[in-house]
2 protein chains.
Amino acid sequence: MGDSAAFTERELDIMSVLWRLGSGTVSEVRAELADQPGYTTVLKMLQILEEKGLVRHEEEGRAYRYHPLVEPDEAGGHALRRIVDKIFHGSAELALARLVSERPLRAEEVERMKALLDEAALREGEAE
Amino acid sequence: MGDSAAFTERELDIMSVLWRLGSGTVSEVRAELADQPGYTTVLKMLQILEEKGLVRHEEEGRAYRYHPLVEPDEAGGHALRRIVDKIFHGSAELALARLVSERPLRAEEVERMKALLDEAALREGEAE
DNA sequence: ATCTGTCTACGATGTCCTTCGTAATTTTCG
DNA sequence: CGAAAATTACGAAGGACATCGTAGACAGAT
C-alpha cells in the first residue's frame with residue numbers, strides 16, 4: 001500500500017499528453033501543453049515522474065522518448081474511486097448523475113452507456 | 001478563473017467529513033479521520049480551508065463550528081470534469097465503463113442509473 | 001485562588017511541487 | 001574548425017502542504 005498518491009496538476013497534464021500521443025520527447029510533450037512552461041521545466045517533471053515509476057525513457061537519437069508506465073484506465077480508476085468515496089459517499093449513482101449533467105451526451109453515447117450498465121447488471125446476476 | 005484548484009488529499013478528507021456531518025468542530029472532524037492527526041493539525045487545516053473560502057466558522061460555546069461553503073455536487077463536478085478530460089479524453093462513456101467495473105452495483109442501482117441516462121437523452125432531444 | 005482540561009493563535013519545520021537558470025554534451029551547419 | 005542549436009544534468013528557489021509544539025485564553029472543579 002501507499003503507492004497510489006493522486007496526480008498533481010502538472011503531472012496529470014503531462015501524463016495526459018503521453019496517454020494521448022502514446023509517447024513523447026520533451027519537445028513533443030511541451031508543444032502539447034496549453035501554457036507552455038520552460039523546456040527544462042517539462043524535462044524536470046518527466047525526470048521526477050520517472051523517479052516515481054510512472055514513466056520510463058529510451059534513447060532516440062540524441063533525445064529521450066518517454067513512455068507512460070501506468071494505463072489511463074488504472075489511473076482513472078484510482079481517481080474515480082477517490083472521488084466517489086470522498087465526495088459522493090460511495091454512490092456511483094450520484095457520481096453518474098453529476099457526470100451526465102456536466103456535459104451534453106450524444107444519443108448514441110447514451111445508448112452505449114446503457115448497454116454498459118446492462119452488462120454490469122448481467123455480471124452481477126451471474127455472480128449469484 | 002483560477003478559483004478551482006483540485007483538493008489536496010487532506011483537504012478532501014476534511015471536506016468529506018464536513019459534507020457527511022453537515023458541520024463539525026475540530027474535535028468532531030478529527031474523530032472522523034481514519035488516521036488521527038494531531039488536534040492542532042486539524043485546526044490548522046480548517047483555518048487554511050477558511051482562508052481559501054471553502055469553509056466558514058461560527059462560535060459555539062467556547063469552540064468553533066465549521067461549515068462547508070462548497071457543495072459536494074459542485075466539487076464533484078469539477079473533479080469529474082478534470083478526470084474525464086485529462087484521463088478519459090473527454091469521454092463520459094469511458095469513465096462510466098471504468099466506474100462500473102470498479103465496484104459491484106445492485107440491480108436497483110443499475111435501473112436508476114439507466115433512468116438517469118434516459119432523462120439526459122430526453123433533455124438532449126428537447127434541445128434540438 | 002489555583003489547577004486542569006479544552007480551545008484558538010501563532011510560528012516553525014520538513015517535504016513536495018513547480019519553476020527555471022546555468023553548465024556540459026553532442027550534433028549540425030557554414 | 002568553430003559557431004549555433006538541441007539536449008540532458010544539476011541544483012536553486014519560492015510557494016504550498018501537512019505536520020506539530022508551545023503559548024495564551026477561558027471555563028469548571030476542588
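Calculated on the alpha-carbon coordinates, the convex hull of the protein assembly as shown measures out at 184 cubic angstrom per residue. Considering all different alpha carbon pairs of the range B:72-127, the Kirkwood hydrodynamic radius works out to 12.7 Å.
Inter-chain Cβ neighbour count for A:41-52, averaged per residue, equals 0 (cutoff 10 Å, partner chain atoms only). Solvent-accessible surface of protein heavy atoms, probed at 1.4 angstrom with all chains present, puts A:Met45, A:Met15 in the order A:Met45, A:Met15, largest first.
Each residue of the range A:9-68 gets 73 Å³ once the volume of the Cα convex hull is shared out per residue.
What does the highest-first list of A:22-29, B:56-63, B:35-42 look like by mean Cβ count within 10 Å?
On the way: A:22-29: 17.6, B:56-63: 10.5, B:35-42: 12.5.
Result, highest mean Cβ count within 10 Å first: A:22-29, B:35-42, B:56-63.
Could you work out the mean count of beta carbons from other protein chains within 10 Å of each residue's beta carbon in B:7-14?
Taking all residues of B:7-14 together, the mean is 2.
Across chain A, Cα-Cα distances exceeding 19 Å account for 62% of all pairs. Is any residue of the range A:8-22 close enough, with backbone N under 15 Å, to a label point placed 7 angstrom from the Cα of A:Glu58 along the Cα-Cβ axis, and if so, which? Residues passing the 15 Å test: A:22. Placing R0 at 45 angstrom, the Cβ-Cβ distance between A:Glu124 and B:Glu51 gives a FRET efficiency of 0.50 after rounding to 0.05.
Within the straight-line cut-off of under 28 Å between alpha carbons, the lysines reachable from B:Lys52 are A:Lys86, B:Lys44, B:Lys86, sequence neighbours fewer than 8 places apart in one chain being disregarded.
Relative contact order for the range A:9-68: what percent, with Cα pairs under 8 Å and sequence separation of 6 or more?
39 percent
Sorting the segments A:79-87, B:115-123 by their residues' average number of neighbouring beta-carbon atoms within 10 angstrom, most packed first, yields A:79-87, B:115-123.
The values are calculated or read from the model by the stated rules, or taken from the named source; none is laboratory data. None of the values given here were measured: they were computed from a predicted structure. Virtual Cβ from ideal backbone geometry, glycine too; neighbours counted across all protein chains shown. Ligands, DNA and RNA are stripped out before the accessible areas are found, and what is left, the full protein with its side chains, is counted by its heavy atoms. Shrake-Rupley method; radii C 1.70, N 1.55, O 1.52, S 1.80 Å.
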